[in-house]
Amino acid sequence: MITQGSAAGDLWAVNPLRDPRDRRIPRVAGPCVLVMFGVTGDLARKKLLPAIYDLANRGLLPPGFSLVGFARRDWENEDFAKLTYDAIKEHARTPFRETVWQQVYEGVRFVQGEFGDDAAFDRLAETVKQLDAERGTGGNCAFYLSIPPKAFPDVVQQLKRSGLSEAGQPHSGIQPWRRVVIEKPFGHDLASAKELNAILDAVFPAHSVFRIDHYLGKETVQNILALRFANTLYEPIWNRGYVDHVQITMAEDIGTGGRAGYYDGIGAARDVIQNHLLQLLALTAMEEPLSFDADSLRAEKEKALSAIRLPADLATGTARGQYAAGWQGGIQVPGFLEEEGIPTDSRTETYAAVRLGVDTRRWAGVPFFLRTGKRLPRRMTEIALMFQRAPHLPFAATDTEELGQNALVIRVQPDEGVTVRFGSKVPGSAMEVRDVNMDFAYGESFTESSPEAYERLLLDVLIGDPPLFPRQEEVELSWRILDPIEEFWAEHTKPEPYQAGSSGPASADALMGTSGRAWRRL
Amino acid sequence: MTIDLTETTTGAIHDALMQARRQVGGAALGMVLTLIIVTDESAQYDSVRAASQAGREHPCRVLGVIIRNPAGRSRLDAEIRVGEGGPGETLLLRMHGPLGQHADSVIAPLVLPDTPVVTWWPGQAPAIPSADPLGALAQRRVTDAAASDKPRQMLTALASGYRPGDTDLSWTRATSWRSLLAATFDQPYGNMTSGTVSAEQHNPSADLIATWLAGRLGIPVAREVSAGPGITEVSFATADGDITLSRPDGRTATLAKPGQAERRVALHRRETTELLAEELRRLDPDEVYAEALARFAVHPVDEGTSA
């Protein structure tokens, strides 16, 4: 959906074989090394390593592409290759092909060491240099920091000290690049986000930092832009004249699981609202960008984020909860306070809801309700635009008893697609109107062809195409929205318990109910 | 489920489809296009199978047109498959006698409304696909020069009959080579003087790649014959030495550039299903194909000749 950035545009000017009309030829990354920190983590095994294979299998990685793993374990190249192989076998989405694996395998290297160890980083620098010579990676290097933020200062400093962060001299007339990829959390409040950014900024220029919000790699999220700006049907009603309110939901059925240590003290709002939900809100509420290049798109998102207004009374305009023991999906599960690694007096919320306003001409007076939670009935992420009721219904009151509000629902996951909900006559001799769905499902219209979010994002990093990555300004704007809420919560409230498997605390329903509205069923 | 209808009409086929849909459930919903396959009894199995596999990516209504016994009495037999092995619907339509000359009258009522129509000739194709009645129904017409007895003549004929929306599977087969070549030239390269494409003797994909390269790079590109399989090598002579992309085994390619280490990359030959899926992904006219084809008609490459 999002068009090629200027990097790809330049290629067409230089490369006689590229032609914007030639849409069979995919965007292929240039030669490069991907250095991955934290290769033994869940994310690397389940998402990143399989994504690399899938990219190679689709012919989107260049000859010579190399992957260097860096971790504490006392491993040889072979051990890391084995981990990569197993991860691919288990989690890759495209069929396994020995030839593709050989291509990936030839470029796999492992460097053992601690983040504070000078010698290890010197070895890493040496490995990258060797790969350059052996496999012609052109001096280009991306660093994927799949590690806790507390390790950032060490790693970033080491990259600088060992000279790895320096792109060096042009290779045959082309300036090599350095890029660094980071994952959420981007801090835990505005101050820490700035601090984190300062660490990166000291070594890497802003345009070479890629912040991954994997939601933005999802087809359905990019489809928001297509739905809104490629059609004439929706944009005329995409405003306060027709929309009553907007609900943005990310529900999870799981508990804190293995993330307990990280989750305690962070909570649902910082974990999900700050990044995913506010990004979805920005894409829903923003004005049409001049183009889909990174600057225009980010500028519109930033304008939308700047226009967000907090509820006047945070006590009634927000809600937070903590799951208690209960039955979820047919299994008896412990409450949050009983989870391993969570202190029994933890005040961390596992459910958060907030009512936000967007102070623009388009959205004045239209509330945006955001909610997220763990141990809810099912896993589901959606954006629902709930429309106003028709100003006049020329039916008897009994005819439209079952008629709800018209709705346009963008289902982000699972069962990606778009639903339009509207009233329709029930067949029969009486005039009776009931809600029906008109449904577009990705699974039915383009099965299998949509790449995994990480595939898309990794490729964009290697190509250097930034529109799908939030920049620091967006991160800071989001914290400006969340910080006052977190402060209020810390001072005044305790999370309200809700039963695991239920749809959240009573205060969240009250947050909606005071305006005569209700959450959509989970 | 499979429904066999003999001596039938399109109306009866339509009723049977609706009934099957009710019984199977929502399986038939959400189809994105109609794919007409013009084939014969011996080739229908493979091509319909390829189509229904490609249908996993693009759920579609497959209409297999099989012309039989042109001398006999007019008769329409239909074999309907719904909810089997794929999300779409497959109809095999056997047309006997003079009806075979009027296949479009059977197909037109069975084409899905509001969605694109693609006609595919897996075997022999008409020289002007858009002039064929079944081609005229479609906005995308897919031929396969490689299936023709004389691929080069076929390409020339296709060039003179070209209309926007025509495309050929031999061009689709060239995509993976072309993208690898394009990626190769993303990197700096020396001044090129000439190029060579080596492949089996009858390989229209190699012919089109040679023509495309010559047109794009503005250098003579020769076509050489090798033992295969498929395309085995593309090379360029530059001031600094040769740039070579070779694939002797049909699976892994090796890229060699002057002064650089050799690099290997997987480059497998693709199944018909994959080709068809690529073909169905984009339904807009392929202008780059049109240019390569037109150039081929003017400068046909042959063994030892340059494009």
Self-check item: Within 10 Å of each Cβ in B:174-182, the average number of Cβ atoms from other chains
Solution: 5
Exercise. For segment A:17-71 and segment A:314-328, compute the distance between their C-alpha centroids and round to whole Å.
Key: 41
Quiz item: Over all distinct Cα pairs, what is the inverse of the mean 1/r for segment B:2-168, reported as the Kirkwood hydrodynamic radius in Å?
Solution: 16.2
Exercise. Compute the Cα gyration tensor for chain B, then decide on rounded, prolate or oblate, letting a ≥ b ≥ c be the square roots of its eigenvalues: rounded whenever a/c is under 1.5, prolate when a/b is larger than b/c in the other cases, and oblate in all that remain.
Key: prolate
Quiz item: When the helix-only estimate is applied to chain B (DSSP H runs of n ≥ 4, each -39,500 (n - 2.57), divided by the residue count), what is the mean residue ellipticity at 222 nm, nearest 500 deg cm²/dmol?
Solution: -9000 deg cm²/dmol
Quiz prompt | Sequence ranges A:270-282, A:241-253, ranked by mean other-Cβ count within 10 angstrom, highest first | solution = A:270-282, A:241-253
Quiz item: Taking the DSSP beta bridges in chain B as the whole, what percent of them are antiparallel, to the nearest 5?
Solution: 50
Quiz item: By per-residue mean of other Cβ atoms within 10 Å, what is the highest-first order of A:482-492, B:2-12, B:208-218?
Solution: B:208-218, A:482-492, B:2-12
Exercise. With +1 on each Lys and Arg Cβ and -1 on each Asp and Glu Cβ, and nothing else charged, work out how big the dipole of segment B:46-86 is about its Cα centre, in Debye to the nearest 20.
Key: 180
Quiz item: Normalised by the number of residues in segment B:2-168, what is the relative contact order in percent for Cα pairs under 8 Å and 6+ residues apart?
Solution: 22
Quiz item: If you count, for every residue in B:241-254, the Cβ atoms of partner chains within 10 Å of its Cβ, what is the mean?
Solution: 1
Quiz prompt | Prolate/oblate/rounded label for the protein assembly as shown (Cα gyration tensor, a/c 1.5) | solution = oblate
Quiz prompt | Per-residue [θ]222 nm for chain A (sum of -39500 (n - 2.57) over DSSP H runs n ≥ 4, rounded to 500) | solution = -9500 deg cm²/dmol
Practice problem: Report, as an integer, the average count of C-beta atoms from other chains found within 10 Å of each Cβ along A:127-136. | Solution: 2
Exercise. Have a look at A:Ile147, A:Gly107, A:Gly513 and report the one farthest towards the positive end of the charge dipole of chain A, computed about the Cα centre with Cβ charges (Lys/Arg +1, Asp/Glu -1).
Key: A:Gly513
Quiz prompt | DSSP bridge orientation in the protein assembly as shown - percent antiparallel, rounded to nearest 5 | solution = 55
Quiz item: Could the peptides A:184-191, A:358-365, A:315-322, A:390-397 be put in order, highest first, of the mean number of other beta-carbon atoms found within 10 Å of their residues?
Solution: A:315-322, A:184-191, A:358-365, A:390-397
Quiz item: So which residue, out of B:Ser194, B:Ser105, B:Ser179, gets the largest mean-square fluctuation from a GNM of chain B using Cα contacts under 10 Å as springs?
Solution: B:Ser179
Exercise. Considering the options A:Gln332, A:Leu314, A:Tyr351, tell which one lies farthest towards the positive end of the dipole of segment A:312-353, charges being +1 on Lys and Arg and -1 on Asp and Glu at the Cβ, about the Cα centre.
Key: A:Leu314
Quiz item: Given A:Lys82/A:Lys194; A:Lys47/A:Lys82; A:Lys46/B:Lys257; A:Lys160/B:Lys257; A:Lys218/A:Lys303; A:Lys303/A:Lys494, which pairs have Cα atoms separated by over 27 Å?
Solution: A:Lys82/A:Lys194; A:Lys46/B:Lys257; A:Lys160/B:Lys257; A:Lys303/A:Lys494
Quiz item: Using alpha-carbon pairs under 8 Å, 6+ residues apart, how would you state the relative contact order of chain B in percent?
Solution: 15
Quiz prompt | Length-normalised contact order for segment B:169-307 - Cα pairs under 8 Å, 6+ apart - percent | solution = 27
Self-check item: Gaussian network model of chain B, Cα within-10 Å springs - most flexible of B:Val65, B:Val118, B:Val225
Solution: B:Val225
Quiz prompt | Cross-link reach list, aspartates and glutamates versus A:Lys129, counting only Cα pairs under 13 Å and skipping chain neighbours closer than eight places | solution = A:Glu166
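Every number in this text was worked out from the coordinates using simple rules, so none of it is lab data. Remember, it's a predicted structure, so these values are computed and weren't measured experimentally. In this analysis, Cβ positions are derived from the backbone assuming ideal geometry, glycine residues included, and neighbour counts consider all displayed protein chains.
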